[in-house]
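Colleague: Here it is: the structure, laid out below.
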Amino acid sequence: MAKNELIFDEATHTYMLGGVKLPSVTTAMKPLYDFTYVDPDVLRRAGEFGTAVHKTIELFIYDDLDEESLDPSLLGPLEAFKKWQKDYPQFHDLQRICVEKRMAHKKLKFAGTADLILDGVAIVDFKTRPVNLITDAIQLAAYEALWKEEGGSRIKEYERRVLELKQDGTYAYTKVNHKDAWLRFRFLLDFYNAAEKIKTWKK
């Protein structure tokens, strides 16, 4: 394995860089989420649905989707994406966009996958639930940091966006820029790393 090769294990949702496990953006952000009172089966189904929607959109973008084979529950989000892409035609150009881009920050030792990036213009995260202006802002700030670490251009100000793909075939496209978002992610990442060190000490 190459020293700087990023490996992603889809089954465990684990990132490895040169044989070293890296926390994902969502892993570092876990303290912000509380699913204590949510039925585990509901959480699992929601996660599976979100994954299916992401895969559907990825295949559609690359013109490799058999729409007739889709589960009916995916048709609404797909129609919503088509409407959004029609309204924002700059995201048609496959020479300019990155889709499901897996990235690692070699200095800060974390990784993540951005749904869609138009270099120097916008970074877009697909959601199947309403936008959260706090957590989504932090998540996208982390993705932008990963993108710049990979050599990408700074995203245009206020163009970190969440694209909510709704079951009724409509969409919401929301700015989630926050001036403190990156600092908050750094705090969460430091907190995660400190907790991991404590686990090592306890062993």
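Colleague: Given the peptides 45-51, 77-83, 62-68, arrange them by the average over their residues of other C-beta atoms within 10 Å, most packed first.
Modeller: Result, highest mean first: 77-83, 45-51, 62-68.
Colleague: Mind running the shape call on the chain? Use the C-alpha gyration tensor, a ≥ b ≥ c as the square roots of the eigenvalues: rounded below 1.5 for a/c, prolate if a/b tops b/c, oblate otherwise.
Modeller: Because a/c hits 1.5 or more and a/b exceeds b/c, the chain counts as prolate.
Colleague: Next up: With θ taken as phi - 60° and the coefficients 6.51, -1.76 and 1.60, list the Karplus ³J(HN,Hα) couplings across region 15-28 in order, rounded to whole Hz; mark glycine and proline as x.
Modeller: 9, 10, 10, x, x, 9, 6, 10, x, 7, 4, 5, 5, 4
Colleague: Relative to the longest principal axis of the chain, what angle (0 to 90°, nearest 10) does the C-alpha long axis of helix 181-202 take?
Modeller: Its long axis makes an angle of about 50 degrees.
Colleague: At 0.36 nm per residue, and after removing the present C-alpha to C-alpha distance, how many nm does the segment from A172 to L133 gain when stretched out fully?
Modeller: The A172-L133 span can extend by a further 12.7 nm.
Colleague: Need one word for region 105-190: rounded, prolate or oblate. Basis is the Cα gyration tensor (sqrt eigenvalues a ≥ b ≥ c); a/c below 1.5 gives rounded, then a/b vs b/c decides. Each step should come with its number before you reach the end.
Modeller: On the way: a/c = 1.93, a/b = 1.55, b/c = 1.24.
Prolate.
Colleague: Let me ask something additional. Report for the chain the percent antiparallel among DSSP-assigned beta bridges with both residues inside it, nearest 5.
Modeller: 80 percent
Colleague: Then there is this: Just grab the label-to-label distance for Y33 and D93, each label 7 Å out from Cα along the Cβ direction, in nm (one decimal).
Modeller: Placing both labels 7 Å beyond Cα along the Cβ direction yields 3.4 nm.
Colleague: Mind checking the angle between helix 40-61 and the chain's longest principal axis? C-alpha axes, 0 to 90 degrees, to the nearest 10.
Modeller: Value to nearest ten degrees: 60.
Colleague: Helix 135-149 sits at what angle to the longest principal axis of the chain, using alpha carbons and giving 0 to 90 degrees rounded to 10?
Modeller: Once rounded, one gets 80 degrees.
Colleague: Testing the spin-label approximation: label points 7 Å from Cα along Cα→Cβ at D71 and D119. State their distance in nm.
Modeller: For the pair D71/D119, the computed spacing is 3.6 nm.
Colleague: Still on this structure, I have one more. Relative contact order, percent, of region 33-181 when contacts are C-alpha pairs under 8 Å separated by at least 6 residues? Walk me through the numbers before you get to the answer.
Modeller: Details: 219 pairs, mean separation 34.7, N = 149.
Computed value for region 33-181: 23 percent relative contact order.
Colleague: Right, here's the next one. Can you classify region 76-151 as rounded, prolate or oblate using the Cα gyration tensor, where a ≥ b ≥ c are the square roots of its eigenvalues, rounded means a/c under 1.5, and otherwise it's prolate if a/b beats b/c and oblate if not?
Modeller: Taking the square roots of the gyration eigenvalues as a ≥ b ≥ c, region 76-151 is oblate.
Each reported figure results from applying straightforward, stated rules to the coordinates on display, with no laboratory input. The shown structure was predicted, so the numbers you read here are calculated from the model rather than taken from an experiment. Glycine also receives a Cβ, built like all others from the backbone with ideal geometry; neighbour counts cover every protein chain displayed.
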